[in-house]
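Input: a single structure, listed below in structure tokens.
The values are calculated or read from the model by the stated rules, or taken from the named source; none is laboratory data. Predicted, not measured: the structure shown is a model, and the values here were computed from it. Cβ: placed from backbone, ideal geometry, glycine included. Neighbour counts: every protein chain shown. SASA here: full protein model, heavy atoms, side chains in, ligands and nucleic acids out. Shrake-Rupley method; radii C 1.70, N 1.55, O 1.52, S 1.80 Å.
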Amino acid sequence: MSSSPVEPETVVKNRHLGFLIWQSIPSTAIFLLFKLLVLSPRCSILTFLLTLSTFHVSQLAFSSALSFASSPPQPKRPVPPLRLAFSLLSSWSPDFRRRAVVSFTLMLFVAVAAASGFLSVASVCWLEGFDGVELFWRVGFRGFVCGLLYAFFYVYKQRWVLEFPIIQRPPFFSFKMSLPSAIKKALKLSGAAYLFSALPVVFLADQLKSEVAIGKFISEQITFYIGTFAVFLCWELDHHLHQVLHTKRFMFAPPKGSAAAETNPSEPLLAALEESTPSSLLQYLAYLDLCMVCENNVDTWRRAAFFEETSETYRRVINVSLKPLKQLATKLGEGMEAGSVDKDISNQLLSPTDMRVDSKYSEELNNFQLCSWCARTAASLTVHSHKEDRFGVAQLSGSNIDVISTLLSCLLAVEAFMGKKTNLQAPHHLMGPAGIKWAQLNTGRRDTGMVKKRGGLLHSKAFAMADVLRTSIYCIISAFHDEMISSAKAGVLEKDWLVSGKPLFGTRELLLQKLRLFLDFQAC
């Protein structure tokens, strides 16, 4: 966690620069350990300085390419290389252009990783007596192949996507916890890279003509394996260090006790939320800070500033919190309507229309991390308003109604995507456990699509999102249970807690049914 009076625009830039500086420390330590103690303990000073400089340049290039290619948890899907090549002369849509930029960025990362592998492995494995040709074919070329292999593995596993930790720990402890996994993965990758890169060298080498040459060849293979392990370990530690430094919390607040903290402490955070580029790292850091302020009781002075008398700040916070949830409910509803047809498709396989709908679902559900923070933020702020809102701005501004309605609509949309069907029941059944019956849909394209997604990544994200939404709603229900029960007995539950217009998904009657199930603690 860090806090400073710097401008929000410089937060990401400072983290990139900090990562490039900090990555040199473990890289230097690993180079010294393997170069001086394991591989070549008697190398000359000139050789040591030359290889150290080359190694640092290659590691700096790799770290810069890694930082440049990284993306928040909602990445754009890259364009396949063949499709990108055939589309060079045609006009590009804005979405295709953004995806093409991602593809070119990943291609640049692959090229830089290959070049870095050439220089890094050559620097670590450089032994006295090597001439230029030997260094190129026996070490440099194999290092180039190792760099390509690591880059392809990195892109295929989508490790360039940032993953925010569930628990925010100090950077040192987070980095320390990643050491065992980094060593384990480096061992596996170095073994695979050794076997993969040894094939072309076997056909090129002619040194197996005597017992002395065989001994030298075996020694060189051991040296190369140790060198590739050292390089892969550096890259793995760079990856984990990049994740730790870029996903740690940043406090968008003036220093406590300053004039800005006394007058308007929420403005830096709201400015980052409202003015940052959508799906950018800066926006994710701002939403993370907002979620932790609303959930935890550490920065209570910042949360208290949300409940200022004019209610303007509270409305802005609720609006930015509900915006991603509203987009999720709206897009899921539009996608399922676009995917429904009037004919039976039970015997059809995945069609181009299905793939377009899947693409829409993927884009929205890839935003799971942000939507999860927003649901928790809105629910926590609403719960705390029950005791901390001295001026009643949450109730008077209508924000509580907006929060409950948005969370219920979003939950209904996600559950419909998961293949659950909502049946509107008679009024006398509203308070019972059968108020809403869930069943597999059996007609329409979207039903078949939902069954296909069972067990897939999209269905897992939808299940997790539904769990977050239910938990958030139950938190609000627990805090306002007495008030809601009184409204239900008076027959004004719908008026007091639901929007008067058409909800984002479903109908007001369905939202009322769902709310009554939550009041009975029977929603699941």
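Computed on region 217-296, with alpha-carbon pairs under 8 angstrom and 6+ residues apart, the relative contact order is 24 percent. In terms of distances greater than 20 angstrom between alpha carbons, the cross-link table entries K326/K502; K76/K157; K157/K184 yield no pairs at all.
Working ranking of peptides 316-323, 270-277 by packing, defined as the average number of other Cβ atoms within 10 Å per residue, highest first, is 316-323, 270-277. Using a probe of 1.4 Å on the protein chains alone, the accessible area found for K331 is around 100 Å². For the pair L108 and K188, label points projected 7 Å from Cα toward Cβ lie 3.0 nm apart. Ignoring ligands, DNA and RNA, what percent of the 1.4 Å accessible area of region 52-122 is carbon and sulfur? Taking all protein chains in place, region 52-122 shows 74 percent carbon and sulfur surface. Extension gain, H386-I25: 0.36 nm per intervening residue step, less the Cα-Cα distance, totals 125.0 nm. One decimal place: the segment E7-K157 gains 50.6 nm when fully extended, by the rule 0.36 nm per residue minus the C-alpha distance.
A crude spin-label estimate for the pair Q168 and D467, with each label 7 Å from Cα along the Cβ direction, gives 2.3 nm. The solvent-accessible area of D467, taken with every protein chain present and a 1.4 Å probe, is close to 80 Å².
What distance in nm lies between label points placed 7 Å from Cα along the C-beta direction at S280 and L396? Going from the S280 label point to the L396 one covers 3.6 nm.
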